[in-house]
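**Student:** Below is one structure. I have some questions about it.
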Amino acid sequence: MRDQWREGADAALTCGTVSAKDIRRAAETLRSGGLVAFPTETVYGLGADASNRDAVARIFEVKGRPTGHPLIVHVASAEHLDRWAREIPDAAWHVAERCWPGPLTLILKRARGVPSLVTGGQDTIGLRVPGHPVAHALLTEFGGGVAAPSANRFGRISPTTAAHVREDLGAAVDLVLDGGACPLGVESTILDLSGDRPRLLRPGSITPQELAKTLGQQCESPGSGAPRAPGGLASHYAPRTPLRLVTASRLERVAAGEIAAEPRVAIMSTHGPAVTPTSGSRWLKMPSDPPGYARALYARLRELDSGEYRLILVEVPPEGGPWMAVHDRLRRASAVRTEDDPADTDCAP
Ligand code: TXA
Ligand code: MG
């Protein structure tokens, strides 16, 4: 499971798009308090030296992210855990051994001395060892922890290419390491091991089933006592264009009705066009396998969002198993734009 995406990502280094000199310059930028955007196997991160309060403050500024929303600290290997977390349970070492480097973030109790800006003032900290060779080379060269949220403006779609990062953040980033398209395409699975029972806070490429197997017990879903997390807000990961989820059985009818009412409708489906798109509308066929769909999702949403569409209709994918992360992101992308309202989905059978 860990190695499926690795081939493409390795090419970023071996093809010379990112050189050893680039990595040294990026590490130097971090050391001097600058911001470096870098690829991970999930999405691009906007990194700063996690032990430099001013540098971390710039992340919030550049993203337009309210302080109080915790950041993930990225490290080169699990050997760094003790520096950032305390009272680390055996389960964390076990999961780290199985899933790192990889698309998994662990929430643990925060070690003393960690700047509270990094953790949004919480007593816990998110830690991840990414497996992307460019991220790994950067973290190894830098040596410390790199606080990095996804490198997009707050509340918008996460970037899966260097061009997306530049589009969103432009000159506010000191350096962008271009490692090509992210091979997984959705953010890491977040597993909270800071409490009595393991809890899944965000689904990702590593599924609850895989985690349950490693942990020897099921993960709970976040309840009302879940820590406040921006990725947990209903309207996170949203395009500007309204997005509506529609079941496969209703898609043809809904699409035809919307196009007839007013074109400028984009439709995303794993099937071929069921209605003939008129001028101004577009039918976009998505990969039918979950990894392929996840890899394409954010780039396609950005593409449609920058078109002149008034509405994006998306065929709702299955809910469980390998589709869980995609389903979660689409549900959030379709949510109405307030924190408390439920997702505005059109999933009636
Ligand atoms: O794949 C990823 O996780 C990417 C790459 C760059 O690593 N990062 C990412 O970061 O998605 P961000 O900040 O966009 O989302 C991180 C999520 C947020 O929902 C945040 O609230 C949650 O992780 N998080 C971080 N620290 C936490 C903590 N101590 N307790 C609960 N949630 C936490
Ligand atoms: Mg994000």
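**Student:** Checking Arg98 against (1) within 12 Å of ligand 1 (Cβ to nearest atom); (2) open to solvent by 10 Å² or more (accessible area, probe 1.4 Å); (3) modelled with pLDDT of 95 or more, which single condition isn't satisfied?
**Tutor:** Just one mismatch for Arg98, condition (1).
**Student:** So which residues in region 186-219 are near ligand 1 (Cβ under 10 Å from one of its atoms) and within 15 Å of the chain's Cα centre (by Cα), if there are any at all?
**Tutor:** Initial filter on region 186-219 (near ligand 1 (Cβ under 10 Å from one of its atoms)): 186-190, 192, 194, 199, 201-202, 204-205.
Scanning region 186-219 gives Val186, Glu187, Ser188, Thr189, Ile190, Leu201, Arg202, Gly204, Ser205.
**Student:** Of the residues in region 151-179, how many are away from ligand 1 (no atom under 13 Å from the Cβ), closer than 14 Å to Gly47 by Cβ and not hydrophobic (A, V, I, L, M, F, W, C)?
**Tutor:** Within region 151-179, residues that are away from ligand 1 (no atom under 13 Å from the Cβ), closer than 14 Å to Gly47 by Cβ and not hydrophobic (A, V, I, L, M, F, W, C) number 1.
**Student:** Then there is this: Assuming Phe154 fulfils every condition listed in (1) within 16 Å of ligand 2 (Cβ to nearest atom); (2) hydrophobic (A, V, I, L, M, F, W, C); (3) in contact with a strand residue (DSSP E or B) (Cβ under 9 Å, 6 or more places away or on another chain) apart from one, which condition is it?
**Tutor:** (3)
**Student:** Right, something else. Step by step: first the residues of region 56-92, then only those that are at pLDDT 95 or above and in a loop (DSSP other than H, G, I, E, B), then the one that is most open to solvent (accessible area, probe 1.4 Å). Which residue is that?
**Tutor:** It comes out as Glu87.
**Student:** List the strands (runs of 3 or more DSSP E) that sit entirely inside region 233-317 and contain at least 3 residues that are of a type in the set (A, V, I, L, M). First the steps, then the outcome.
**Tutor:** Numbers: elements: 243-246, 265-269, 282-285, 311-315.
By residue number, 243-246, 265-269, 311-315.
**Student:** Now a separate question. State which residue is surrounded by the fewest Cβ atoms within 10 Å (Cβ to Cβ) when the search covers only region 134-150 and only residues that are part of a loop (DSSP other than H, G, I, E, B) and away from ligand 1 (no atom under 15 Å from the Cβ).
**Tutor:** Looking only at region 134-150, we keep the residues that are part of a loop (DSSP other than H, G, I, E, B), and these are 143-145, 148-149.
When the remaining residues are screened for being away from ligand 1 (no atom under 15 Å from the Cβ), the result is 143-144.
Working: Gly143: 12, Gly144: 19.
Among those that are part of a loop (DSSP other than H, G, I, E, B) and away from ligand 1 (no atom under 15 Å from the Cβ), it is Gly143.
**Student:** Every residue in region 157-187 that is part of a loop (DSSP other than H, G, I, E, B) and within 16 Å of ligand 2 (Cβ to nearest atom), please. Show your work before the answer.
**Tutor:** The first filter runs over region 157-187 and keeps only residues part of a loop (DSSP other than H, G, I, E, B), leaving 157-161, 173-174, 177-187.
Selection gives Ile157, Ser158, Pro159, Thr160, Thr161, Val173, Cys182, Leu184, Gly185, Val186, Glu187.
**Student:** Restricting attention to region 79-87, does a residue exist that is in contact with a His (Cβ under 9 Å, 6 or more places away or on another chain) and under 19 Å from Glu141 (Cα atoms)? Talk me through it step by step, then tell me what you get.
**Tutor:** Applying the first criterion (in contact with a His (Cβ under 9 Å, 6 or more places away or on another chain)) to region 79-87 yields none.
No, there is no match, as no residue in region 79-87 is in contact with a His (Cβ under 9 Å, 6 or more places away or on another chain) and under 19 Å from Glu141 (Cα atoms).
**Student:** Separate question: Would you mind finding the one in Leu191, Leu201 that is in a strand (DSSP E or B), at pLDDT 95 or above and open to solvent by 30 Å² or more (accessible area, probe 1.4 Å)? Can you show your working first?
**Tutor:** Working: Leu191 fails: open to solvent by 30 Å² or more (accessible area, probe 1.4 Å).
Exactly one of Leu191, Leu201 is in a strand (DSSP E or B), at pLDDT 95 or above and open to solvent by 30 Å² or more (accessible area, probe 1.4 Å), namely Leu201.
The values are calculated or read from the model by the stated rules, or taken from the named source; none is laboratory data. This is a predicted model, so every value here is computed, not measured. Glycine also receives a Cβ, built like all others from the backbone with ideal geometry; neighbour counts cover every protein chain displayed. Ligands, DNA and RNA are excluded from the accessible area calculation, which covers all protein heavy atoms including side chains. Shrake-Rupley method; radii C 1.70, N 1.55, O 1.52, S 1.80 Å.
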